[in-house]
Structures are given as C-alpha cells and as structure tokens.
Amino acid sequence: MAVRQTMGWIFGGLLAAQGLAVPAQADEAAMAAAGRAVFQKCEACHALDPSKNAFGPSLHGVIGREAASLPRFQYSEALSNSGLVWTEENLRKWIADNDGLVPGTRMRHVSITDPAEQDYLIAFLRTLTP
C-alpha cells in the first residue's frame with residue numbers, strides 16, 4: 001500500500017508539473033503519505049494507537065484536542081496549564097519550536113521548520129481521527 005501511495009504522490013506531482021488538474025482528494029492523500037514519512041521523526045516517542053502512550057502521548061486524534069488532556073500520561077505542568085487546543089496553527093508553532101510556544105515543556109525534539117514538511121505532517125495527523 002505504501003508503494004501505491006508513493007506512486008500516487010509521484011503521479012500527482014507529474015500531472016501538476018505538466019499543468020494538469022490533480023483532484024483535491026488525491027493531493028490530500030499524497031500530502032498525508034508524505035506526512036507519514038515525516039512522522040518517522042516523531043515515532044520514536046509518539047504512538048499512533050489511541051489506546052497506547054509511549055514516551056510521549058498518542059497523537060491519534062490530536063487535531064482539535066485540548067493539550068495535556070489524554071489520560072494515563074503525565075504532562076509537564078507548563079503544558080497542563082497552557083490552555084492550548086491543538087489547532088493546525090498551534091501544531092505548526094509546536095512543531096517548529098515547542099519550547100518557544102510553551103516554555104518549560106518537557107518535550108524535546110528536532111524542530112521541523114520547513115513549512116512544506118509541516119504541511120505534510122499536519123495532513124497526516126488529520127487522517128488520525130477518533
């Protein structure tokens with residue numbers, strides 16, 4: 001299936017490069033597939049299974065969720081008191097500089113500052129709905 005998604009992404013990119021219309025659904029699927037690849041940077045700490053937390057909380061259903069709201073995970077006091085909701089805008093800020101958004105958070109990661117990689121990752125996270 002990954003090969004099929006990758007081929008769809010390549011084919012969609014070729015169509016777009018030729019100035020041909022690419023259906024929005026195919027474009028979103030291609031972005032989500034690319035985001036799955038970017039998510040590998042997050043996978044060491046975050047689970048996709050909604051019933052499991054890893055070193056970090058599960059990211060299943062993260063978009064629209066209140067920060068520090070999953071049971072069975074001990075969040076930092078800073079994140080617990082942040083009042084954040086994980087909107088796409090807040091996720092972008094977090095992905096780029098989590099300590100800048102919530103000083104005192106315990107999460108450490110390699111910042112993803114490339115807007116395209118952020119787009120891909122958020123497209124993938126959008127597919128993880130409860």
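The values are calculated or read from the model by the stated rules, or taken from the named source; none is laboratory data. If you're wondering where the values come from, they're calculated on a predicted model, not measured in any experiment. Note: ideal-geometry Cβ built from the backbone for every residue, glycine included; neighbour counts use all protein chains shown.
Miscellaneous remarks
- Scanning segment 84-130 for residues that are touching a residue at least 12 places away in the same chain (Cβ under 8 Å) and either aromatic (Phe, Trp, Tyr) or on the phi > 0 side of the Ramachandran plot (or both) returns Trp86, Gly104, Tyr120, Phe124.
- When residues of segment 83-105 are limited to those that are in a loop (DSSP other than H, G, I, E, B) and of a type in the set (Gly, Ala, Ser), the one nearest to Val62 (Cα to Cα): Gly83
- Top-ranked residue of segment 34-61 - restricted to ones that are assigned to a helix (DSSP H, G or I) and touching a residue at least 60 places away in the same chain (Cβ under 8 Å), ranked as farthest from Arg108 (Cα to Cα): Ala34
- Selection status of Ala29, under 13 Å from Leu125 (Cα atoms), modelled with pLDDT of 95 or more and either touching a His at 6+ places or on another chain (Cβ under 9 Å) or crowded, with 16+ Cβ neighbours inside 10 Å (or both): no
Residue-by-condition table, conditions (1) over 11 Å from the mean Cα position of the chain (by Cα); (2) charged (D, E, K, R); (3) assigned to a loop (DSSP other than H, G, I, E, B):
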residue	(1), (2), (3)
Ile63	no, no, yes
Ala68	yes, no, yes
Ala78	yes, no, no
Met107	yes, no, yes
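- All positions within segment 80-114 that are of a type in the set (A, V, I, L, M), closer than 22 Å to Pro130 by Cα and crowded, with 17+ Cβ neighbours inside 10 Å: Leu84, Leu91, Ile95
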